[in-house]
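Novice: Sharing a structure here in structure tokens format.
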Amino acid sequence: MAEDGEEKLLATVQHIAKTLGRTGTMTEDILKVFSNYDGRLSLEKLYAAAAAAGGGGGAGEHSMPASSPPPSLPSAAAVMAPPVTSLERTVRTLDRQISQFVTMDRLIWADSADADAFLEAVDDLIGTVQELDAAGTNRGLLDRADELLSRCMARLEDEFRALIERPDDVAPAPPGGFDSEQSEDEDYDADDGYGDEPIPIAKPVSDFDVIIDALPPGSVSDVHQIARRMVDAGFGRECAEAYAAARRGFIDESVARLGIRPRTSDEVHSLPWEELEFDIARWIPAFKMVFRILIPSERRLSDRVFEGLAPYGDLAFIAAVRTQALQLISFGDAVAAASRAPERLFRVIDMYEAVRDLLPDLDPVFADPYSAALRAEVSAVCNTLGSSIKGIFMELENLIRRDPARVAIPGGGIHPITRYVMNYLRAACGSRQTLEEVMEGDLGALGVTAIAVDPDRPTSSLAVHIAWIMDVLHKNLETKSKIYRDPPLASIFLMNNGKYIIQKVNDSELGFLLGDEWMKQMLSRVRRWSMEYQRGAWAKVMSVLHTGDSGFSSLAAKAMLQKLQMFNGYLDESCAAQSEWVITDEQLRADVRSAITDSVVPAYKGLIGKLKSSPEAPQDLFIKHTPEDIEACIQHLFEGVAK
């Protein structure tokens with residue numbers, strides 16, 4: 001009875017398929033639907049029933065027209081449709097095979113046998129589509145094959161991305177189901193109740209000669225096989241896009257671990273310098289890491305995945321790395337376009353050197369036409385940072401010019417602008433090679449074409465710039481010296497600042513850049529200021545010590561006594577005032593004291609000697625200061641403390 005019931009069921013199904021199926025293909029599809037619905041309605045049983053009905057000729061109204069046994073006549077509606085071609089049978093067979101794979105709820109590549117079988121079916125389908133397309137005689141079958149191919153490509157794309165994003169999902173699990181390389185200390189519960197953890201910051205890297213293998217060799221081989229099928233099927237661009245989307249997550253996380261925070265240009269321009277300097281300090285190693293390790297590693301991986309599949313490997317590579325690369329580049333552009341305050345020079349130099357040093361290594365990485373634009377962007381940000389360095393030097397000149405002459409430095413000491421400029425230039429010369437490089441350009445654009453370069457002085461652009469800055473500083477100091485009401489103190493001020501400049505030039509590369517002739521001129525200025533000081537500060541003292549010829553009279557003796565009294569007053573006045581003045585350089589201070597002593601003490605001794613030898617001199621002649629007293633008084637000058 002059960003067998004009769006099954007036969008009636010099969011006959012009913014045959015009748016439905018016969019009634020609804022206008023063509024052999026439609027009938028085949030209907031039978032397939034029933035076979036998937038009920039295990040008793042397998043295609044083998046339906047074909048067998050159809051064959052039996054055709055041979056017996058008496059199945060009644062529920063039987064289907066006769067046909068020969070499968071597989072030569074697989075359709076139960078063969079008597080109603082043209083004969084089924086071999087290509088139709090192939091497409092049907094491939095449809096059954098491929099449907100089993102594309103409907104799987106697990107990764108096909110979790111089982112290597114399934115992966116091989118699926119790829120074999122895909123290869124057959126691609127060949128069939130190409131054959132149908134070349135024949136051009138059965139558009140309906142070609143459309144069906146194309147639809148099946150699209151389903152294959154969609155599933156292949158899913159497998160492709162999964163293999164790239166989660167290669168461990170298809171890797172054999174280590175014994176016990178845990179990562180055998182994980183130490184006990186690293187074992188933790190991922191769901192610890194705290195939610196998302198902040199991404200840890202990577203440690204600094206000093207060796208950039210490394211390559212990251214983001215995928216194990218087996219996974220690379222698998223994704224290459226998938227990529228080859230997708231390209232062969234005409235889905236190369238979709239494959240490249242899927243690859244880029246899968247790799248971006250890894251790249252984004254890698255950059256985030258470097259501590260880089262995306263900022264807009266407006267944010268960069270509005271940041272306080274302390275915060276921006278911190279961002280730059282992180283950007284420099286991150287830039288090196290990304291362009292020396294991460295991007296070359298991505299190039300290597302894409303070349304292996306898309307080996308022999310140009311240009312899709314190039315498209316996939318640049319689409320994967322472009323976003324993060326441009327983010328780093330845009331930060332460099334924003335810093336270069338931000339404020340050109342002089343204190344930013346050294347960080348901008350660091351950025352420039354980081355970009356400049358890696359440019360030659362980028363040529364093989366960005367050699368294809370699709371990457372050329374990104375290579376040009378890196379080169380452009382290098383030039384922009386170089387222009388920023390030039391602009392900062394211009395701003396230093398403006399800073400000196402704008403520094404007002406408001407308050408005189410007590411005692412004629414070194415002005416803060418002198419210390420700032422000289423220490424700044426001295427530190428800048430630590431990057432002399434870089435500065436020489438960026439300064440080579442159109443000097444006219446910087447307004448320095450009028451500088452007369454001495455023949456014995458280096459004529460590089462950097463030397464010309466620094467000489468110009470020194471000239472601007474000299475003029476600014478001369479303006480500031482006019483604040484002093486006492487001209488000798490103004491000379492002391494110029495002497496101190498001039499000597500400080502000479503010291504800073506001598507013990508740095510500034511001496512080489514400015515040259516011997518500049519140094520001679522500066523030393524001559526200091527000597528001139530010293531002479532101006534001595535003449536201005538000791539002119540009254542020296543004038544009363546002048547005694548004329550050696551003939552004496554009572555009037556001459558009285559005159560000498562008067563001169564002595566005036567000398568005592570002038571000396572006390574000068575020593576009191578100048579004891580608060582300062583000469584900062586020890587050697588210069590000693591030289592000035594010696595020059596004063598050599599001028600004053602011999603003249604004073606002469607006056608005292610002539611007065612004592614005069615017959616008109618009083619017997620009780622009182623000498624307030626001995627020559628030793630005067631010398632001691634002079635030796636206490638220029639220490640900045642009243643004695």
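Novice: Using Cα centres only, tell me the gap between the range 560-623 and the range 462-481 in whole Å.
Specialist: Taking the Cα centre of each part, the range 560-623 and the range 462-481 sit 38 Å apart.
Novice: For the range 235-320, what relative contact order do you get, as a whole percent, if you take Cα pairs closer than 8 Å and at least 6 residues apart?
Specialist: With pairs under 8 Å counted, the relative contact order is 51 percent.
Novice: On a full-extension model of 0.36 nm per residue, what is the gain between ASP146 and VAL601, subtracting their alpha-carbon distance, rounded to one decimal in nm?
Specialist: 152.4 nm
Novice: In whole percent, what relative contact order does the range 250-400 give with Cα contacts below 8 Å and a gap of six or more residues? Mind dumping the intermediate values first?
Specialist: Numbers: 129 pairs, mean separation 43.9, N = 151.
Relative CO of the range 250-400 lands at 29 percent.
Novice: Output ³J(HN,Hα) for the range 151-160: one whole-Hz value per residue in order, computed from phi by the Karplus curve 6.51 cos²θ - 1.76 cosθ + 1.60 with θ = phi - 60°, and x for Gly and Pro.
Specialist: Residue by residue, the range 151-160 yields 4, 4, 5, 5, 6, 4, 5, 5, 5, 4 Hz.
Novice: If you don't mind, there's one more thing I want to ask. What residue among ILE251, ALA227, ALA240 has its Cα farthest toward the positive end of the dipole of the range 223-287, where the charges are +1 on Lys, Arg and -1 on Asp, Glu, each on the Cβ?
Specialist: ALA227
Novice: Assigning unit charges at the beta carbon (Lys, Arg +1; Asp, Glu -1) and nothing else, what dipole magnitude in debye, to the nearest 20, does the range 555-603 show about its Cα centre?
Specialist: The calculation lands at about 360 debye.
Novice: At a 1.4 Å probe, what is the % contribution of carbon and sulfur to the accessible area of the range 379-440? Let's see the in-between values first.
Specialist: Values: 1300 of 2600 Å².
Carbon-and-sulfur percentage of accessible area, whole number: 50.
Novice: Grab the other residues whose beta carbon is less than 12 angstrom from that of PRO262, score K and R as +1, D and E as -1, and report the net.
Specialist: Here the count lands on -1.
Novice: Quick one: if you stick a label point 7 Å off each Cα along the C-beta vector at ARG261 and THR479, how many nm between them?
Specialist: Label-label distance for ARG261 and THR479, simple model: 4.0 nm.
Novice: Using 20 Å as the cut-off for backbone N distance, which residues of the range 487-522 belong to the label zone defined by a point 7 Å from the Cα of ASP471 along Cα→Cβ?
Specialist: 498, 501-502, 505, 510-522
Novice: Using per-residue counts of other Cβ atoms within 10 Å, averaged over each peptide, order 263-270, 537-544 from highest down. Walk me through the intermediate numbers first.
Specialist: On the way: 263-270: 14.5, 537-544: 17.6.
Ranking the peptides 263-270, 537-544 by packing returns 537-544, 263-270.
Novice: If you keep only loop residues by DSSP, which trypsin sites (Lys or Arg not before Pro) in the range 569-636 have at most 16 other Cβ atoms within 10 Å of their Cβ?
Specialist: LYS624
Novice: Net charge within 13 Å of SER543 by Cβ-Cβ distance, Lys/Arg positive one each and Asp/Glu negative one each, not counting SER543 itself?
Specialist: Details: positive: ARG535, LYS540, LYS563; negative: none.
With Lys, Arg at +1 and Asp, Glu at -1, the net is +3.
Novice: A further question on this structure: Measure out, as a whole number of angstrom, how far apart the alpha-carbon centroids of the range 130-156 and the range 289-327 sit.
Specialist: 32
Novice: If I model a spin label at LYS612 and ARG106 as a point 7 Å from the Cα along the Cα→Cβ vector, what separation in nanometres do I get?
Specialist: It works out to 12.1 nm between the two label points.
Novice: Going by average Cβ neighbours within 10 Å, how do the peptides 144-151, 479-486 rank, with the highest at the top?
Specialist: 144-151, 479-486
Novice: Here's another thing I want to ask about it. If each residue of separation counts as 0.36 nm, what is the full-extension length gain between GLU573 and GLU274 once their alpha-carbon separation is subtracted?
Specialist: Details: separation 299, 0.36 × 299 = 107.64 nm, distance 5.06 nm.
102.6 nm is the gain from fully extending GLU573 to GLU274.
Novice: Another question, if that's okay. Measure off 7 Å from each Cα along the Cα-to-Cβ vector at ARG419 and ARG139, then give the distance between these two points in nanometres to one decimal.
Specialist: That separation, rounded to one decimal, is 9.0 nm.
Novice: Might you tell me the accessible area per residue for the range 479-608, computed with a 1.4 Å probe and given in Å²?
Specialist: Values: 6240 Å² over 130 residues.
Normalised by residue count, the accessible surface of the range 479-608 is 48 Å².
Novice: Moving on. Apply the a/c threshold of 1.5 to the C-alpha gyration tensor of the range 386-430 and tell me whether it is rounded, prolate or oblate.
Specialist: Oblate.
Novice: To continue, here is another question. Which whole-number percentage describes the relative contact order of the range 473-574, with Cα contacts under 8 Å and a sequence gap of 6 or more?
Specialist: About 27 percent, as a whole number.
Novice: Counting only protein heavy atoms and using a 1.4 Å probe, what share of the accessible area of the range 473-588 belongs to carbon plus sulfur, as a whole percent?
Specialist: 52
Novice: Then there's this: Between ASP486 and ASP516, what FRET efficiency follows from the Cβ-Cβ distance if R0 is 35 Å, with the result rounded to 0.05?
Specialist: The pair ASP486/ASP516 has a calculated efficiency of 0.55.
Novice: Beta carbons within 10 angstrom, averaged per residue: use that to sort the peptides 104-115, 326-337, highest first. Don't jump to the answer; show the numbers that get you there.
Specialist: Values: 104-115: 14.3, 326-337: 20.2.
Answer by packing, highest mean first, reads 326-337, 104-115.
The values are calculated or read from the model by the stated rules, or taken from the named source; none is laboratory data. Since we're looking at a predicted model, the values are computed, not measured. Using ideal geometry, Cβ is built from the backbone for each residue, glycine included, and neighbour counts are taken over all protein chains shown. Just the protein is used for accessible areas: all its heavy atoms, side chains included, with ligands, DNA and RNA removed. Shrake-Rupley method; radii C 1.70, N 1.55, O 1.52, S 1.80 Å.
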